[in-house]
Amino acid sequence: MTDDDTLLPPRRFRLLAEAEPGLLPRVLAPLARRGVILEQLIVTRQGAALAIEIVIPPLPAAVLRPIAGNLRQIVGLVALTEETLAGIAIAA
């Protein structure tokens, strides 16, 4: 098994981006292209921005790295944090 095949623990991405039409499809597209079904999606308006929290299930490194890279390139992105949810069980 290579490092790219290693299943990584669930991840939480928190994004803050300018609130504009088309933002949510741009955020979800990298996940949908790879067939990833979200564990959780929370979107909250904060003035002129949207705070978005995404929790994804365990994924191989080869799948996770491009998703994280795509999220960092979203037009209008103000901030992005990524958190490993080690020790947290995701319902099957």
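Explain nothing, just the number: relative contact order of the chain, from Cα pairs under 8 Å at least 6 residues apart, as a whole percent. Write out the running numbers ahead of the final one.
Values: 141 pairs, mean separation 43.2, N = 92.
Contact order relative to length: 47 percent.
Return one number: the angle in degrees, 0 to 90 and rounded to the nearest 10, between the long axis of the Cα atoms of helix 61-72 and the longest principal axis of the Cα atoms of the chain.
Once rounded, one gets 10 degrees.
Binning at 5 angstrom from zero up to the longest distance, how are the C-alpha pair distances of the chain distributed in percent?
Reading the bins upward from 0: 3, 13, 26, 25, 18, 10, 5, 1, 0, 0.
Each reported figure results from applying straightforward, stated rules to the coordinates on display, with no laboratory input. As the structure is a prediction and not an experimental result, all values here were calculated from the model.
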